[in-house]
Every structure is written in structure tokens, then in C-alpha cells.
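**Q** Attaching a single structure in C-alpha cells format; questions to follow.
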Amino acid sequence: MTKFRVAQCYTGSVGSEIVRRMAGHPQLELVGVLVHDPAKAGLDSGELVGGPANGVVTTTSLDDIIALRPDGVIWSGKTYDVDAYARLLQAGINLY
């Protein structure tokens, strides 16, 4: 079975829970995590959210997320970012 490749944008309370719940999911594969704070970039996203290491390294760059070519992105940011949404959709990435 092919897994649906997902990137999580931001790791607040909702985003952190999504990252934790993706671990070991039989149908979903976490491939990228976008963070606001440069101090959080380059960290293992599982450990960042208080879970086990998952090997998915965080980034502050939306370009990095787009380059991963996920099937979908879950946007859990505090702001409404029309430009980012447009870039994701223009890249053929589903946005939730």
C-alpha cells in the first residue's frame, strides 16, 4: 500500500499533536515539518514535540517543504498566509 505523504506546517498545540499521531500511522507518512523559530530548525520533529525521534528534520523554509513533494500539507499556523497557500497549491500539493 502506498502511503499518503504529509508535511505539517507549524508545531503549536495542534501541529505538535499531529506530528505525534503520525508516528507509525499505517496510511500516512510524515515527510516534513515547518517551524517558525530558527532555533527549532534542524531538529528531529518527533523529539521537538515531546515524542520519540522520527527522523523528520524541521525547517523554516517553505521551499524545503515544497521540494519534498508531499501529497498534502496540514497548515496549523496562527496566521492566514495567502501567498504560502498559493505556492503550495500551484506546486500541486493538497492543502488542509
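**Q** Give me the distance in nm between label points sitting 7 Å out from Cα along the Cα-to-Cβ direction at His36 and Ser13, one decimal.
**A** My value for the distance between the label points is 1.4 nm.
**Q** Another question, then. Would you list Leu43, Leu95, Leu89 from the most to the least accessible area, probe 1.4 Å?
**A** Largest to smallest exposure gives the sequence Leu89, Leu43, Leu95.
**Q** To the nearest 20 Debye, how big is the dipole of the chain about its Cα centre, given +1 on the beta carbon of each Lys and Arg and -1 on that of each Asp and Glu?
**A** Approximately 220 debye in magnitude.
**Q** Oh, and also: Treat each spin label as a single point 7 Å out from the Cα along the C-beta direction, and report the Glu47 to Met1 distance in nm.
**A** 3.1
**Q** Set Lys and Arg Cβ to +1 and Asp and Glu Cβ to -1, take the dipole of the chain about its Cα centre, and tell me which of Ile18, Ala84, Thr2 lies farthest positive.
**A** Value: Thr2.
**Q** When the Debye formula is applied to the Cα atoms of the range 5-96, each taken as the same point scatterer, what base-10 log of I(q)/I(0) results at q = 0.13 Å⁻¹?
**A** Log-scaled intensity ratios, in q order: -0.36.
**Q** Next question. Round to a whole number: what % of the accessible area of the range 54-96 belongs to carbon and sulfur, probe 1.4 Å?
**A** Heavy-atom surface of the range 54-96 belonging to carbon and sulfur, 1.4 Å probe: 51 percent.
**Q** What percent antiparallel are the DSSP beta bridges of the chain, to the nearest 5?
**A** If we restrict to bridges inside the chain, about 5 percent are antiparallel.
**Q** Considering the options Leu95, Gly50, Leu28, tell which one lies farthest towards the positive end of the dipole of the chain, charges being +1 on Lys and Arg and -1 on Asp and Glu at the Cβ, about the Cα centre.
**A** Positive-most Cα among the choices belongs to Leu28.
**Q** A further question follows. For the range 42-96, count the residues as N, evaluate 2.2 N^0.38 Å, and divide the Cα radius of gyration by that value, please. Each step should come with its number before you reach the end.
**A** Values: Rg = 12.2 Å, N = 55, 2.2 N^0.38 = 10.1 Å.
Rg over 2.2 N^0.38 Å, computed on Cα atoms: 1.21.
**Q** Here is a further query. From the helices alone, meaning DSSP H stretches of at least four residues, give me the mean residue ellipticity at 222 nm for the chain, per-run term -39500 (n - 2.57), in deg cm²/dmol to the nearest 500. Show your work: numbers first, answer last.
**A** Numbers: 4 runs with 29 residues, N = 96.
After summing the helix terms and dividing by residue count, I get -7500 deg cm²/dmol.
The values are calculated or read from the model by the stated rules, or taken from the named source; none is laboratory data. Owing to the predicted nature of the structure, the values given are computational and were not obtained by experimental measurement. Please note: Cβ atoms are built from the backbone with ideal geometry, for glycine as well, and neighbour counts cover all protein chains shown. Side chains are part of the model used for accessible areas, which takes the heavy atoms of the whole protein and leaves out ligands, DNA and RNA. Shrake-Rupley method; radii C 1.70, N 1.55, O 1.52, S 1.80 Å.
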